[in-house]
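Have a look at the structure below, then the notes.
The values are calculated or read from the model by the stated rules, or taken from the named source; none is laboratory data. None of the values given here were measured: they were computed from a predicted structure. FYI the Cβ positions are ideal-geometry reconstructions off the backbone, even for glycines, and counts take in every protein chain you see.
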Amino acid sequence: MFSPRVALASLSGRSDAEWARNAEPFVGTAFLGGVAIDGATREAARDLVARDRSEFLPPDPLAFVDDQLAAVEDASLRAGVNVRSATVDPIRRAASICVAHDAILEINAHCRQAELVAAGTGHALLRDADRLARYVATAAETGATVSVKVRTEVEGVDLPATARQIDDAGADVIHVDAMDSEPVVGDVAEATDAFVIANNEVRDRESVHEYLSDGADAVSVGRPSDDPRVLRRVRDATRAWFERAPDG
């Protein structure tokens, strides 16, 4: 999927091509975004900006995705882009752009901000596994590599069961924000054949090895993604783990 098995998790309004380039020596992939790509999620993003959150709100979000992926196309890392949508058609269009750049399309079923949930994305999408599976199938039909960003501890969500359903729909990657439920990463890994990326408080050898020993295939770094000291520790710990692993 990518090497080293370290990803950068998207940070709204911060995760652009320049951000990815700065981390290039340390990671195998970087998820740009999140980018609101339909009317409802863009309106929600405007509401978030009004209360001082950072968001990407370019005039044409899909053109922005195309431009950003083009800016990292010759990088040594594999790019991805995290997108939010309350409707399925923009997912198809974003996935087609990702195919053109050999990038990963990541569907956001992760965000918990009330405005985004009310718009029908983030947690709202995670709570509606059938709709989420339709998004995945639609993206997969374009030939894109499809990731889904999810979160543990969402009321009413059986995450391993949801992981199975979106795996069956064509997801290649399940990117799990473990919150305070790290063992759920192992439950997801057992439930699916998808490539599992573990996220949340990945900082050092101990956190890396905890997630990998639970069954994750890779880890991702969120807020300290612009700190080369953290990224170096995580990269080195991940490489050391897989160098000693029986499967190499």
For residues that are in a loop (DSSP other than H, G, I, E, B) and among the β-branched types (Val, Ile, Thr), scanning just region 151-179, find the one that is farthest from residue 8 (Cα to Cα).
157
Flag for residue 115 being surrounded by 17 or more Cβ atoms within 10 Å (Cβ to Cβ) and either assigned to a helix (DSSP H, G or I) or touching a residue at least 60 places away in the same chain (Cβ under 8 Å) (or both)
yes
In region 46-79, which residues are without any contact (Cβ under 8 Å) to a residue 24 or more places away in the chain, among the hydrophobic types (A, V, I, L, M, F, W, C) and in a helix (DSSP H, G or I)?
49, 50, 63
Do you know which of the residues in region 80-109 that are aliphatic (A, V, I, L, M), surrounded by 24 or more Cβ atoms within 10 Å (Cβ to Cβ) and in a loop (DSSP other than H, G, I, E, B) is farthest from the chain's Cα centre (by Cα)?
103
Among the residues of region 173-196, count how many are crowded, with 18+ Cβ neighbours inside 10 Å, in contact with a helix residue (DSSP H, G or I) (Cβ under 8 Å, 6 or more places away or on another chain) and either among the acidic types (Asp, Glu) or in contact (Cβ under 8 Å) with a residue 60 or more places away in the chain (or both).
2
Condition (residue is closer than 22 Å to residue 100 by Cα, modelled with pLDDT of 95 or more and hydroxyl-bearing (Ser, Thr, Tyr)) applied to region 152-167: is it met by at least one residue?
no
Could you list all residues from region 222-234 that are at pLDDT 95 or above and in contact with a helix residue (DSSP H, G or I) (Cβ under 9 Å, 6 or more places away or on another chain)?
228, 230, 231, 233, 234
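Residue-by-condition table, conditions (1) part of a helix (DSSP H, G or I); (2) more than 19 Å from residue 104 (Cβ to Cβ); (3) of a type in the set (Lys, Arg):
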| position | (1), (2), (3) |
| --- | --- |
| 136 | yes, no, no |
| 143 | no, no, no |
| 149 | no, no, yes |
| 189 | yes, no, no |
| 196 | no, no, no |
| 220 | no, no, no |
| 225 | yes, no, no |
| 239 | yes, yes, yes |
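Out of region 202-232, which residues are among the acidic types (Asp, Glu) and in contact (Cβ under 8 Å) with a residue 12 or more places away in the chain?
First pass over region 202-232, keeping only residues among the acidic types (Asp, Glu): 204, 206, 210, 214, 217, 226-227.
If the condition is that a residue be among the acidic types (Asp, Glu) and in contact (Cβ under 8 Å) with a residue 12 or more places away in the chain, then 204, 210, 214, 217, 226 are the ones that fit.
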Determine whether residue 188 is closer than 21 Å to residue 222 by Cα and at pLDDT 95 or above.
yes
For region 3-49, which residues satisfy the criterion of being among the charged types (D, E, K, R), more than 27 Å from residue 232 (Cα to Cα) and surrounded by 18 or more Cβ atoms within 10 Å (Cβ to Cβ)?
38, 42
Being loosely packed, with under 14 Cβ neighbours inside 10 Å, in contact with a Lys or Arg (Cβ under 9 Å, 6 or more places away or on another chain) and of a type in the set (D, E, K, R): is that true of residue 52 here?
no
Among residues of region 132-153, those that are surrounded by fewer than 18 Cβ atoms within 10 Å (Cβ to Cβ) and more than 17 Å from residue 85 (Cβ to Cβ), counted
2
